[in-house]
1. Filter segment 306-325 down to residues that are assigned to a loop (DSSP other than H, G, I, E, B) and either touching a Ser or Thr at 6+ places or on another chain (Cβ under 8 Å) or farther than 15 Å from M202 by Cβ (or both), then give me how many there are.
2. Quick test of your reading of the structure: G448 fulfils all but one of (1) touching a Leu at 6+ places or on another chain (Cβ under 8 Å); (2) away from the ligand (no atom under 16 Å from the Cβ); (3) in a loop (DSSP other than H, G, I, E, B); (4) closer than 27 Å to D514 by Cα. Name the failing condition by number.
3. Need pairs with beta-carbon distance below 7 Å; first residue over 23 Å from L246 (Cβ atoms) and within 14 Å of the ligand (Cβ to nearest atom) and within segment 51-72, second modelled with pLDDT under 95 and not in a helix (DSSP H, G or I); sequence gap 6+ or separate chains.
4. Please find, within segment 529-544, the residue that is surrounded by the most Cβ atoms within 10 Å (Cβ to Cβ) out of those that are closer than 24 Å to S105 by Cβ and at pLDDT 95 or above.
5. What helices (runs of 4 or more DSSP H) completely inside segment 123-217 contain at least 3 residues that are of a type in the set (A, V, I, L, M) and in contact with a helix residue (DSSP H, G or I) (Cβ under 8 Å, 6 or more places away or on another chain)?
6. Of the numbered conditions (1) at pLDDT 95 or above; (2) in a loop (DSSP other than H, G, I, E, B), L547 satisfies every one except a single condition; which is it?
7. Among the numbered criteria (1) on the phi < 0 side of the Ramachandran plot; (2) free of Cβ contacts under 8 Å to residues at least 12 places away in the same chain; (3) not acidic (D, E), which one does G35 miss?
8. Take the residues in segment 73-98 that are farther than 13 Å from A238 by Cα and among the β-branched types (V, I, T); name whichever of them is nearest to the ligand (Cβ to nearest atom).
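The values are calculated or read from the model by the stated rules, or taken from the named source; none is laboratory data. Predicted model, so just to flag it, every value in this text is computed and none were measured. Cβ placement follows ideal geometry from the backbone for every residue including glycine, while neighbour counts extend to all protein chains displayed.
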Amino acid sequence: MSDADQPVGLSRGLTNYGDPDFARYLRLSMARAMGYSTDLLRKPVVGIASTYSEFNNCHRGVPELVTAVKRGVLAAGGLPLEFPTISLGEVFLNPTSLFFRNLMSMDTEEMIRGQPMDAVVLVGGCDKTVPAQLMGAVSAGLPAVQVVTGPMMTSRWRGERLGACTDCRRFWAKYRAGEIDDGTVEEVEGNLATTAGTCAVMGTASTMASIAEALGMMLPGTAAIPAVHADRIRAAEASGAAALALARAGTTIRDIVTPESVENAMRVLLAIGGSTNAIIHLTAIAGRAGIEIDLKRLNELSDTTPVLVDLKPTGPFYMEDLHAAGGIGAVLRELKPLLHLDCKTVAGQTLGERLDAEPGYVDRSVVRPLNEPLQPQGGLVALFGSLAPRGAILKRAAADPKLFEQEGRAVVFNSLEDLSSRIDDPDLDVRPEDFLVLQNSGPLSPSGMPESGYLPIPQKLARAGVKDMVRISDARMSGTAYGTIILHVSPDAASGGPLGLVRNGDRIRLSVRDRRIDLLVDEAELEKRRAGQPSTAVKPARGYARLYSREVLQADQGCDFDFLRANPQKE
Ligand code: FES
């Protein structure tokens, strides 16, 4: 819109009839049917990508937020037009929500591109929705603002504070260990998720909200506002106005998502002890802008970015506490010497200007100072070695350092089904110092890279008091989970990676200090196993599953589809 010759609002992207004037006339007459005045129909348009769905509990508040965004756009002199896209409710999807993330991103991209709008406000929240929206919006390239649904509030049960979903896992582990009975676990079930909004801890949804704010894609101070807080509605209203201002200034998402802002987002991911999933999503978002995230660079940043935020699953606090403690702004202010401060934000100011303008309140019990961190290094670390030539991820902030330097015997499960049928077998040959290995749960497996990397402790060990073991897989892990868990092993077993060649009794060496994960089996033996190894990659006959199996990339490339990246590698 900075260019006076560019069509604006409903005059953009006319339907092809071979007669542009007729197309405009027809569009306006159809729009009149919706009851808009001609005056309003001439305004710049802010599209609002709505992800309300009754299959998505985390998005219960979306209609209220969309109404507020509309109010903000109208007050600023624009025409707000809401449109639906796919919504991904984490626990309602089979095989896994990640399988559908790229489909949602395509839907978002094409509806932004195909419909006449000058800017877009993305209203999402649950784990995969924010990444999908940002991926799609980066590819579409318009001015864009992210609004999240916000975290759930915690609730009380028998004097204890509970929030989804670290506490879900804690109580399930107690149940498996025989420490609580059926009635108690059922009672807990009714008290884990009691309001609208996303999981209450620093899980994937909260991590992605924090990253979106660090990227500059969300208004300052809005990542951690609880879903039910009136400030969240005000944030949505302000986001509508901000989107219109971006359109008027000609500031697109590509001016905001840059190599420098992506690095800022990685710093924040490391400092908040964020979800391992987020590195996959950030890689995919950046890849849409032609920005490569190298896991070796992640390690360099991790070495120099301390953990500052004490939220579950690693600490005692919840997202509502982070909001009250100063929010992501407080974290950004601590990290200021490490950040690129000249990055633009959707607020129309740079990150540095934003931080200079903030009042600066911080609760030190939740957000630590840079020189007195919770941990001296970042929450995530990438491991490389003969077991993971293209890398694997460990959330060291949520792991037990006593298990970081050791060699162990592999106890192998070759699929999710194999895992669930044998993990609790009393005759399973397993000891606390063994390494549990799960194969065929990566992007190309039939299970579609589920959050099954949090392998349960075998029941007989759990009942003997074992709380953590080294667990290795090509799967993902929920951001709400914890343990010494090595994830995203690339290439995955289904694409012929070395993980698929591990056999029971093999020795594996882990060294977090050296960033290594190695399978101690000689190459000649591995070659023999490789020759006799049947392919486990799935080849669906039709539909989206076929597209997915042909195009999905490995975890180190964000599990995006090659043809959706800014620089596709295939012909
Ligand atoms: Fe939606 Fe956890 S289920 S954020």
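1. Final tally of qualifying residues: 6.
2. Among (1) touching a Leu at 6+ places or on another chain (Cβ under 8 Å); (2) away from the ligand (no atom under 16 Å from the Cβ); (3) in a loop (DSSP other than H, G, I, E, B); (4) closer than 27 Å to D514 by Cα, G448 violates only (4).
3. Going by the 7 Å Cβ cut-off, the qualifying pairs are N57/A193.
4. By that ranking, first place goes to Y544.
5. Output list reads 129-140, 204-215.
6. If we test L547 against (1) at pLDDT 95 or above; (2) in a loop (DSSP other than H, G, I, E, B), just (2) comes out false.
7. Checking G35 against (1) on the phi < 0 side of the Ramachandran plot; (2) free of Cβ contacts under 8 Å to residues at least 12 places away in the same chain; (3) not acidic (D, E), the one that fails is (1).
8. Among those residues, the one meeting the criterion is V91.
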